[in-house]
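Working notes for the structure below.
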């Protein structure tokens, strides 16, 4: 793993989220990837389950924005500070997120382990 491979992966992740396309998420992970959304809960295991988790996004979110700054990369993992926003379709509430990713990629630039920590802020739109 190097800076460019991590950047490429993050760009693809961002595109998948912005376009709300779970099929794009599916190609980012290995068959047996571990997706840790919350540190005290069991990870989502396997690309099929990860894709199912992401399939909710097109139904619940719109106007998605995503950006990141790479903080560190070594041969084993990359760390990025990210921020995102979207509008919840049902309530028209804007949600802002700020977080950290720790990502492990294999030699084919597919994620084997994904961990995230984030905080959210909800703003009711007028």
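Just so you know, all these numbers are worked out from the coordinates, no wet-lab data involved. Nothing here was measured: the structure is a model prediction, and the numbers come from that model. Please note: Cβ atoms are built from the backbone with ideal geometry, for glycine as well, and neighbour counts cover all protein chains shown.
Observations on the model:
- Length available on full extension from residue 75 to residue 36: 0.36 nm per residue minus the Cα-Cα distance, which gives 12.0 nm.
- Compared with the direct C-alpha span, the chain from residue 60 to residue 121 gains 20.3 nm at full extension, assuming 0.36 nm per residue.
- With Cα atoms, 0 to 90° folded angle of helix 3-19 axis to the chain main axis: 30
- Antiparallel %, DSSP beta bridges [both residues in the chain], to 5: 90
- Candidates 72, 16, 42, ranked by Gaussian network fluctuation over the chain, Cα under 10 Å, top entry: 42
- Among 107, 45, 12, the largest mean-square fluctuation in a Gaussian network model of the chain (Cα springs under 10 Å) belongs to 107.
- Alpha-carbon Rg/Rh ratio, for the chain, with Rh computed the Kirkwood way: 0.96
- Residues residue 3 and residue 96, FRET efficiency given R0 of 25 Å [Cβ-Cβ distance, rounded to 0.05]: 0.40
- Take every Cα pair under 8 Å whose residues are at least 6 apart in sequence, average their separation, divide by the length of the chain, and the relative contact order is 26 percent.
- Between residue 12 and residue 48, the distance separating the two model label sites (each 7 Å from Cα on the Cα→Cβ line) works out to 2.1 nm.
- Largest mean-square fluctuation among 56, 25, 79, in a Gaussian network model of the chain whose springs join Cα atoms under 10 Å apart, belongs to 56.
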